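Some notes on the structure that comes next.
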Amino acid sequence: MTARLRKWLLTSPPAEWAISQLRELLIGALRQGPVPRHIAFVMDGNRRFARDRRIESIEGHHLGFEALAKILEVCYKAGVTHVTIYAFSIENFKRSKYEVDALMDMAKVKLNQMCQHGDLLDRYGACIRVLGQRELIKPDVLKAVDKAVEMTSRNGNAVLNICFPYTSRDEITTAVRRTVDEWSQPLPERTGASPFKEDRITQNIRKQNKGTGNETEGTYLSPPKSMLSPSSSTTSLSSNGDSLPDSRSSLSSSTTLHQSSSPPFFTADLKDPLSIPSPPPTTPTLQQQPQQQQQQPPQPTYHPSPEAITTSTLTSHMFTADNPPLDLLVRTSSVHRLSDFMLWQCHQNTEIAFLDVLWPEFDLWTFLPVLWEWQWRQKKMRSENEDGKGRVQGRERSDSRIRADRKKTVKRLVGEALD
């Protein structure tokens, strides 16, 4: 009797008006402080809620969608610009066919309802984006997805990201694949330095020489002494003469660099240490000249440097590339894990809240404490940063005073000594 009376009082028009005014007042007070720009939700607990109430699982998912509509209104009223929800995981395809088909049908129905009665999204200027593998979605559901995205594409004040079907590892793999495809495309011309750093090439060659024991004998520009042939050593000795031209030393270096390849094109008299090798005639014949004119050297191709790939490069290829950093991640049903959701987007300042409530029961009164705690942590972090900057500035001022006092003392002592 008491529960029925309480329910009747709460659902009466005066009580509903008072609760609505209180809700607006609390959301307005929330906007006075810092508000997260990007919030993600793991909507967990729909099946458990249905099991506890002894209703069908699909009914639990329907109730979860109603809870989502209420939370979206709270987020957009508070000033949140991006909301990401974990609607369907790729791992959910491992469930029974009946439940998977029911979830797909429910998604189609709800997306059609958003298109027909999309007053909530239009009121706050929110557009729908579906993140995930489109090829895994049924054709009729994919048609509803494209329709919802198209009808809300003109809204630009807020974003609703629906991860369907999605896993974070699949997103990261897709981003890496896109980066490799982009970096594999040749550039029209060489715009910068070498694709690989010269110091890295030097280190690799030195490691190879160290492995073969030739590191102390020579580098990749000067080969070991054991590889010098008699002809090269002879010409190298002959280059020490003052009366010989500089071309002899250049010939000796040429024969030295070609020791590991085919026999040299130059021949020298080993008996005469001053003999200069003479190259064979290089003038092409009449038959060779047209062939040489027709054969043009291939144009060199240049690729982007792999040294330029950074975390920002991978972030630009993620599904959430143009979204702000993730500020808050909320998961219901008292499960303390991320379940392969937004692994890349979670950074060092992302707050993660695990709530001991099922998603259909998640409402404003459960969400407000999470937002208040986030605001308190942000204010504390800012105050600590300001205190740290103040301490650094104070230390710099004290150091400058000490240096000024030292200069004055030195000047005074020098003046007294000169007097």
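The values are calculated or read from the model by the stated rules, or taken from the named source; none is laboratory data. Remember, it's a predicted structure, so these values are computed and weren't measured experimentally. Every residue, glycine among them, receives a Cβ derived from its backbone with ideal geometry; neighbour counts consider all protein chains shown. Side chains included, ligands, DNA and RNA excluded: accessible areas come from the protein's heavy atoms. Shrake-Rupley method; radii C 1.70, N 1.55, O 1.52, S 1.80 Å.
Things to note:
- Consider region 190-214 and keep the residues that are in a loop (DSSP other than H, G, I, E, B) and more than 27 Å from the chain's Cα centre (by Cα). The one that is modelled with the highest pLDDT is Gly213.
- Thr84 meets the conditions (1) more than 20 Å from Asn323 (Cα to Cα); (2) surrounded by 15 or more Cβ atoms within 10 Å (Cβ to Cβ) in every case but one. The failed one is (1).
- Any chance Val74 is part of a helix (DSSP H, G or I), open to solvent by less than 50 Å² (accessible area, probe 1.4 Å), within 30 Å of Pro34 (Cα to Cα) and in contact (Cβ under 8 Å) with a residue 12 or more places away in the chain: yes
- Test: Leu338 is under 21 Å from Ala158 (Cα atoms) and in a loop (DSSP other than H, G, I, E, B): no
- Among the residues of region 43-62, just one is within 20 Å of Leu338 (Cα to Cα) and open to solvent by less than 10 Å² (accessible area, probe 1.4 Å), namely Gly45.
- Listed by first and then second residue, the pairs with beta-carbon distance under 7 Å, at least 6 apart or on different chains, first residue in region 164-190 and more than 17 Å from His303 (Cα to Cα), second among the β-branched types (Val, Ile, Thr) and not in a loop (DSSP other than H, G, I, E, B), are Phe164/Val130; Pro165/Ile90; Tyr166/Ile90; Thr167/Ile90; Asp170/Ile90.
- The residues listed here are Ser333, Ser312, Ser316, Ser339; of these, the one that is surrounded by fewer than 16 Cβ atoms within 10 Å (Cβ to Cβ) and at positive phi is Ser339.
- Those residues of region 29-42 which are closer than 18 Å to Thr84 by Cβ and either aliphatic (A, V, I, L, M) or buried (at least 19 other Cβ atoms within 10 Å of the Cβ) (or both), in sequence order: Val35, Pro36, His38, Ile39, Ala40, Phe41, Val42
- Tally, over region 17-59, of residues that are more than 24 Å from Asp101 (Cβ to Cβ), of a type in the set (A, V, I, L, M) and assigned to a helix (DSSP H, G or I): 8
- Residue in region 36-70 that is nearest to Ser334 (Cα to Cα), counting only those that are modelled with pLDDT of 95 or more and among the β-branched types (Val, Ile, Thr): Val42
- Of all residues in region 391-403, none are touching a strand residue (DSSP E or B) at 6+ places or on another chain (Cβ under 7 Å), surrounded by fewer than 17 Cβ atoms within 10 Å (Cβ to Cβ) and free of Cβ contacts under 8 Å to residues at least 24 places away in the same chain.
- Contact annotation: residue pairs with Cβ atoms under 8 Å, 6 or more positions apart or on different chains, pairing a residue in region 33-46 that is touching a residue at least 60 places away in the same chain (Cβ under 8 Å) and closer than 17 Å to Phe164 by Cα with a partner that is assigned to a loop (DSSP other than H, G, I, E, B) and of a type in the set (Phe, Trp, Tyr), are Ala40/Phe341; Val42/Phe341.
- Scanning region 176-184 finds no residues that are aliphatic (A, V, I, L, M) and either open to solvent by less than 60 Å² (accessible area, probe 1.4 Å) or part of a loop (DSSP other than H, G, I, E, B) (or both).
- Contacts under 6 angstrom Cβ, first residue in region 340-367 being over 29 Å from Ala321 (Cα atoms), partner open to solvent by 30 Å² or more (accessible area, probe 1.4 Å) and polar (S, T, N, Q), 6 or more apart: Asp356/Ser334; Val357/Thr366
- Pick from region 99-131, criterion within 18 Å of Phe65 (Cβ to Cβ) and part of a loop (DSSP other than H, G, I, E, B), ranking: nearest to the chain's Cα centre (by Cα): Gly118
- Scanning region 134-154 for residues that are open to solvent by less than 30 Å² (accessible area, probe 1.4 Å) and assigned to a loop (DSSP other than H, G, I, E, B) yields a total of 2.
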